[in-house]
1. Give me 7, 54 sorted ascending by neighbouring Cβ count inside 10 Å, so fewest comes first.
2. Place the peptides 9-16, 42-49 in order of packing, highest mean first, counting for every residue the other Cβ atoms within 10 Å and averaging per peptide.
3. Provide Rg and Dmax in Å for the stretch 1-83, with only Cα atoms included in the calculation.
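What follows draws every value from the coordinates through simple rules; no lab data is involved. Note that the coordinates shown come from a computational prediction; the quantities given were computed from them, not determined experimentally. Positions of Cβ are backbone-derived with ideal geometry, glycine not excepted, and every protein chain shown enters the neighbour counts.
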């Protein structure tokens, strides 16, 4: 069973709604964008999620936070081209850096 997230879905969605202009299209901010630092300093995230955690949770739409924020703002964007992981409750694990079983085989 995954650990309970330090940030509730409601809090994460509320922060994203306040900054929805950065997430109003399919193209999300680059990893180096200042918005990730700005979001990490929001009271709901402060001392819970750093910029990397914010970026991972938003870009992977963990727990549907990005989709919910967009819907509440009347934005409906297809997630077909994004890496969506709604079931992962682990705040900061970055699936992009995980090794597959093939990577771990001894050659």
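1. Lowest to highest Cβ neighbour count: 7, 54.
2. Packing order, densest peptide first, comes out as 9-16, 42-49.
3. 11.9, 35
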